[in-house]
Amino acid sequence: MRIHVNDPLDKNAMEKLKASGYEVTEGHLSKEDLIKEIPNIDVLVVRSATKVTADIIEAGTNLKIIARAGTGLDNVDVEKAKEKGIKVLNTPGANGISVAELAIGLMISCARHIAKGTMDLKEGKWTKKELKGHELYKRTVGIIGFGNIGREVAKRLLAFDMEVLAYDPFVKETELNVKIVDLDTLFSNSDIITVHVPLTPETKHLINKNSIEKMKDGVIIINAARGGVVDEEALYEALISGKVYSAGLDVFEIEPPTDELRKKLLELPNVVVTPHIGASTFEAQLRVGQIIVDKILEEIKKL
Ligand code: NAD
């Protein structure tokens with residue numbers, strides 16, 4: 001039984017995996033190298049850097065388990081794995097608090113120009129007069145996708161005394177002090193909109209030219225879910241026109257965001273960005289690493 005860890009796992013989790021007695025190898029193999037090596041791998045462990053595509057799975061003649069240390073499975077061809085009888089594991093919920101905290105960080109930075117103030121001051125510019133912002137207190141936040149992360153965001157924003165609206169086609173009620181509304185009600189009533197949905201055909205470009213038109217003037221948009229949920233071209237236009245006050249983005253449709261459109265987007269002063277670090281905390285990676293290792297060892301026992 002050989003377990004290959006293709007994207008780095010937490011140190012403690014690696015130690016536990018190595019202590020299991022199975023052969024454990026680690027190190028990032030490019031797609032080409034992985035296709036060559038995959039016939040010798042029984043368990044492939046990835047985070048988000050490795051795309052486990054159909055051709056990799058097809059070449060994995062001994063592959064039994066694909067373990068994704070994280071939530072989203074959009075980097076794994078789950079259908080192909082199912083077809084080949086390969087078990088796919090992930091760690092839903094394990095990094096939710098980290099992502100929720102980052103989304104709120106982006107929100108506050110957007111509302112209070114923290115990133116712009118930092119950049120200006122570092123360049124020696126005292127832009128105090130230009131950087132008047134907004135409070136979160138008593139303002140309305142609309143959460144699209146009321147799963148694990150959406151709920152963690154809601155709990156924290158209720159402590160800011162915000163009015164919290166949520167839209168999720170699979171959630172009809174909640175014990176939290178949150179109003180479950182339809183999407184148009186959320187769009188037209190929210191001062192801040194934050195998305196926490198998986199990327200699916202239904203959620204692709206959920207935030208687009210049309211939906212932005214339905215929003216309040218001066219809305220703040222946060223995407224710490226997946227690039228592609230927000231149509232970044234439409235967002236760019238709306239940031240230029242002032243329809244959108246500012247946007248906080250941890251994820252992009254193209255990562256790293258180096259193409260022309262995203263370069264222009266990043267240059268806007270009212271955009272706050274981070275390089276897909278929602279789950280990148282010591283605490284979340286420890287949790288994710290331990291859970292995925294336990295799941296792998298449990299699953300191997302069943303083989
Ligand atoms: P989750 O499955 O607990 O919640 C997702 C929610 O979205 C579910 O309640 C689902 O019903 C809802 N949903 C599905 N389709 C919808 C639609 N069309 N409209 C509205 N709601 C819809 O997942 P989670 O743990 O809360 O994670 C949410 C997303 O956050 C993940 O799918 C992933 O893409 C993203 N994420 C990002 C990072 C990061 O590093 N920035 C890290 C982890 C997760």
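The values are calculated or read from the model by the stated rules, or taken from the named source; none is laboratory data. Quick caveat, the model's predicted, so the values are computed rather than measured. Don't worry about glycine lacking a Cβ; one is built from the backbone with ideal geometry, like all the others, and counts go over all protein chains shown. These accessible areas exclude ligands, DNA and RNA; they are computed on the full protein's heavy atoms, side chains included. Shrake-Rupley method; radii C 1.70, N 1.55, O 1.52, S 1.80 Å.
Values as computed for the structure displayed
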read-out	value
Matching residues in the stretch 49-71 - criterion: being in a loop (DSSP other than H, G, I, E, B), buried (at least 17 other Cβ atoms within 10 Å of the Cβ), under 23 Å from the mean Cα position of the chain (by Cα) and aliphatic (A, V, I, L, M)	69
Set 295, 263: member being part of a helix (DSSP H, G or I) and outside the structural domain of residue 48 (by TED's automatic domain parsing)	263
Selection within the stretch 109-132 - in a helix (DSSP H, G or I) and either in contact with a Leu (Cβ under 7 Å, 6 or more places away or on another chain) or assigned by TED's automatic domain parsing to the domain that holds residue 293 (or both)	111, 116, 117
Residue pairs meeting the criteria (Cβ under 6 Å; at least 6 apart or on separate chains; first within 22 Å of residue 114 (Cβ to Cβ), in the stretch 255-284; second of a type in the set (Phe, Trp, Tyr))	262/252; 265/236
Residue list for the stretch 104-126, filter: under 11 Å from residue 246 (Cα atoms) and open to solvent by 60 Å² or more (accessible area, probe 1.4 Å)	112
Qualifying positions in the stretch 85-101 - within 10 Å of the ligand (Cβ to nearest atom) and surrounded by fewer than 18 Cβ atoms within 10 Å (Cβ to Cβ)	92, 93
Selected residue (criterion: nearest to residue 43 (Cα to Cα)) from residues of the stretch 244-303 that are among the acidic types (Asp, Glu) and more than 16 Å from the ligand (Cβ to nearest atom)	299
Output for the stretch 162-186, where each listed residue is touching a residue at least 12 places away in the same chain (Cβ under 8 Å) and within 10 Å of the ligand (Cβ to nearest atom)	166, 167, 168, 171, 183, 186
Candidates 189, 210, filtered to the one that is without any contact (Cβ under 8 Å) to a residue 12 or more places away in the chain, farther than 18 Å from residue 264 by Cα and more than 13 Å from the ligand (Cβ to nearest atom)	210
Index of the failed condition, residue 74 passing every other in (1) within 16 Å of the ligand (Cβ to nearest atom); (2) open to solvent by 10 Å² or more (accessible area, probe 1.4 Å); (3) assigned to a loop (DSSP other than H, G, I, E, B); (4) over 19 Å from residue 34 (Cα atoms)	(4)
Count - residues of the stretch 143-161 that are crowded, with 16+ Cβ neighbours inside 10 Å and either assigned to a loop (DSSP other than H, G, I, E, B) or within 13 Å of the ligand (Cβ to nearest atom) (or both)	13
Candidate set: the stretch 128-142, residues that are of a type in the set (A, V, I, L, M, F, W, C) and more than 16 Å from the ligand (Cβ to nearest atom); chosen: the one surrounded by the fewest Cβ atoms within 10 Å (Cβ to Cβ)	131
Qualifying residue in the stretch 170-181 (condition: of a type in the set (S, T, N, Q) and part of a helix (DSSP H, G or I))	no
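Quick grid of which residues meet (1) part of a loop (DSSP other than H, G, I, E, B); (2) hydroxyl-bearing (Ser, Thr, Tyr):
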residue	(1), (2)
186	no, no
213	no, no
220	no, no
234	no, no
237	no, no
240	no, no
245	no, yes
256	yes, no
269	yes, no
